[in-house]
Amino acid sequence: MRVVIALASSSGQLSGIPRHAINLARCLLTRSEIAEVHLVAAPWQQEFVQDSTPHGDARLHMDSAPIGNSALSRNLWFYTRLPKLAARLNADIVHLAYPAPVQHRAFHCPTVVTLHDLYPYDIPENFGFPKVFFNRAVLRRCLRNVDAIACVSHSTLSRLKSLNASIAEKATVVYNSIEPQTLPAMETAPPELGDRPFLLCVAQHRRNKNVVLALQVFERLLRARQIAAETRLAIVGNPGPETSAIQEYVVHAGMKNKVILLNGISDAQLDWCYRNCRLLLAPSKIEGFGLPVAEALLAGCRVVCSDIPAFRELGSSYCHYVSLSGQEVEVFVDAVVSALRQAAPGPIALPQFSAPVIAEKYMQLYRSLLHFPTRNVGLKQTQVHPQAERRIPYEL
């Protein structure tokens, strides 16, 4: 089986979408049925994708998407050029790492998309107006036209069902693959952290991540002397729409020497942060999956997080949950103090996220698509999922 994974995006660093695509490739390469995996990235992503992918497996190929770094250029490439690339590579499956425009009849093989979240509907502030309407249109078109949707959590699938039950009929849950890091021979610490104690927040600078709330909690802990004065707050995540608000709060609160903003760090450095922080603070308003919570648990880190469905699904009874009820700062402060009084839990086994389990889920999905009858489209044969033949309502 030959699988093309399209991950070309605006990200110039190892963020959520590229990490998902790379982990998907790792999972697939554990299976003997896989003859080739093609990772298709933008030119500015090539270096960090190559550095992060498995080496020594001749079945893995890197392909470059000849696109400009604009939304229009990326979307046109997905719509017009990706089908041609898939045909040239003789792909059996095309897997989009995130929703992008799909011209269904242009593909000779089934298409799958990973659905991470429904943010264009749930938190439009992440995109701004009127851009959010464009993002909604792209999401609608993609979900209507692909043959299958792989939701990263039951929380995401449930939200999809509430928006459009018809589209959700071709969706299934396949978690992100996460496994404990293999420890390097030497410790890999971000130099900015030094040897001081620190709390950790892993979040892009977006409204749903609630990073300003994390700053408020940290400030209150310091002022009440409930953590040591030398404690720092390390915020790991790419800049985004909330960067200005975060920086303004840090300056206004007089915490420029207390808060460390990091982005673009390696997986090894991030794992060091999980293993050496006092705890992970995750106050998100909404998440599709909640990767930092899962990674922190695998590393044996204390976790204090908001009580939202995605975190409950991943963290089970291992996290300290805080309800977002209007008194978040004080309740988070109390939860942090309580967590710090308890011993760190040690690494938690999360076999449901392991590569063999996730690989089997994807193979089941791919096989189900490849077993449907073919039909002629021009001079090509295409495999068609029955749901693709329906006229899906456009209300999503």
(request) Sort out which residues of region 311-330 are without any contact (Cβ under 8 Å) to a residue 12 or more places away in the chain and part of a loop (DSSP other than H, G, I, E, B), and write them in order of number. (result) Ser316, Ser317, Ser325, Gly326, Gln327
(request) Scan region 350-359 and give yes if some residue there is at positive phi and not assigned by TED's automatic domain parsing to the domain that holds Glu295, otherwise no. (result) no
(message) Quick check on my filter: what residues within region 212-254 are within 27 Å of Gly128 (Cβ to Cβ) and assigned to a loop (DSSP other than H, G, I, E, B)?
(response) Gly237, Asn238, Pro239, Gly240, Pro241, Glu242, Ala253
(request) Quickly run through region 111-157 and pick out the residues that are hydroxyl-bearing (Ser, Thr, Tyr) and either in a helix (DSSP H, G or I) or touching a Leu at 6+ places or on another chain (Cβ under 6 Å) (or both). (result) Tyr119, Tyr121, Ser155, Thr156
(request) Return the total of residues in region 275-292 being surrounded by fewer than 24 Cβ atoms within 10 Å (Cβ to Cβ) and within 10 Å of Val202 (Cα to Cα). (result) 1
(message) Against the condition at pLDDT 95 or above and under 17 Å from the mean Cα position of the chain (by Cα), how does Ala234 come out, does it pass?
(response) no
(message) Just to verify a result, which residue in region 314-357, among those that are within 12 Å of Ala294 (Cα to Cα), aliphatic (A, V, I, L, M) and surrounded by 17 or more Cβ atoms within 10 Å (Cβ to Cβ), is nearest to the chain's Cα centre (by Cα)?
(response) Leu314
(request) Of all residues in region 192-229, count the ones that are closer than 18 Å to Asn263 by Cβ and aliphatic (A, V, I, L, M). (result) 9
(request) Output the number of the condition that Phe134 fails; it satisfies all remaining conditions of (1) surrounded by fewer than 16 Cβ atoms within 10 Å (Cβ to Cβ); (2) touching a Ser or Thr at 6+ places or on another chain (Cβ under 7 Å). (result) (2)
(message) So, in region 15-63, exactly how many residues are small (Gly, Ala, Ser), surrounded by fewer than 15 Cβ atoms within 10 Å (Cβ to Cβ) and either assigned to a helix (DSSP H, G or I) or touching a residue at least 12 places away in the same chain (Cβ under 8 Å) (or both)?
(response) 1
(message) Just to verify a result, which residue in region 246-259, among those that are surrounded by 18 or more Cβ atoms within 10 Å (Cβ to Cβ) and of a type in the set (A, V, I, L, M, F, W, C), is nearest to Ile235 (Cα to Cα)?
(response) Val259
(request) Look at region 70-98 and say how many of its residues are exposed (fewer than 13 other Cβ atoms within 10 Å of the Cβ) and either part of a loop (DSSP other than H, G, I, E, B) or modelled with pLDDT of 95 or more (or both). (result) 5
(message) closer than 28 Å to Leu370 by Cβ, of a type in the set (Asp, Glu) and in contact (Cβ under 8 Å) with a residue 24 or more places away in the chain: which single residue out of Asp122, Asp117 fits that description?
(response) Asp117
(request) Determine whether Thr188 is in a strand (DSSP E or B) and of a type outside the set (A, V, I, L, M, F, W, C). (result) no
(message) Looking only at region 258-287, count every residue that is modelled with pLDDT of 95 or more and assigned to a loop (DSSP other than H, G, I, E, B) and tell me the total.
(response) 9
(message) Among the listed residues Leu76, Leu72, Leu60, identify the single one that is closer than 26 Å to Cys27 by Cβ and assigned by TED's automatic domain parsing to the domain that holds Ala6.
(response) Leu60
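The values are calculated or read from the model by the stated rules, or taken from the named source; none is laboratory data. Since the structure is predicted, the reported quantities are computational estimates derived from the model, not experimental observations. So basically every Cβ, Gly included, is an ideal-geometry build from the backbone, and we count neighbours across all protein chains shown.
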